[in-house]
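K.L.:
Mind looking over this structure? Questions follow.
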Amino acid sequence: MMWSRHIIYERIAFMDKTLALRFGRLLRVMRKKKKLTQEKLAELTDLSVVHIQRLEGRSPSGVTLETLTKLSRAFKISLPVFLKDL
């Protein structure tokens, strides 16, 4: 089944805990793959280090479309590509 971008964005913006944890693991893997520290990723995205730590942590909350966009740009990939492994 093909999902529209709207549905994908809605799903991420209002994550349940399981999806939020999967997103956090994906974020950590992508960051390490690009050899970025949390501090460098925070600088590239104009987010705080604490925000990055929370997104990657054990109790992450939902994430906004704006934050997703900033992260995908920092990784130099499109948002759908960034989210395809969720």
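K.L.:
Convex hull volume of the Cα atoms in region 5-83, per residue, in Å³?
P.N.:
It comes to 75 Å³ per residue, whole-number rounded.
K.L.:
First select every other residue whose beta carbon is under 10 angstrom from the beta carbon of residue 85; then total the charges, Lys and Arg +1, Asp and Glu -1.
P.N.:
With Lys, Arg at +1 and Asp, Glu at -1, the neighbours total +3.
K.L.:
OK, next. Lys and Arg at +1, Asp and Glu at -1: add these up for the other residues within a Cβ distance under 12 Å of residue 66 and post the number.
P.N.:
+1
K.L.:
What list of ³J(HN,Hα) couplings, whole Hz, do you get for region 57-64 from phi and the Karplus terms 6.51, -1.76, 1.60, once you set θ to phi - 60° and write x for glycine and proline?
P.N.:
Those phi angles translate into x, 7, 10, x, 9, x, 10, 7 Hz.
K.L.:
Per-residue HN-Hα couplings for region 21-34, Karplus 6.51 cos²θ - 1.76 cosθ + 1.60 at θ = phi - 60°, whole Hz, x for Gly and Pro?
P.N.:
Residue by residue, region 21-34 yields 5, 4, 4, x, 5, 4, 4, 4, 4, 4, 4, 5, 4, 8 Hz.
Throughout, read-outs are computed from the coordinates displayed, never taken from laboratory work. The structure presented is a predicted model; accordingly, all values stated were derived computationally and were not measured. Because the Cβ atoms are built from the backbone with ideal geometry, glycine has one as well, and the counts that use them run over all protein chains shown.
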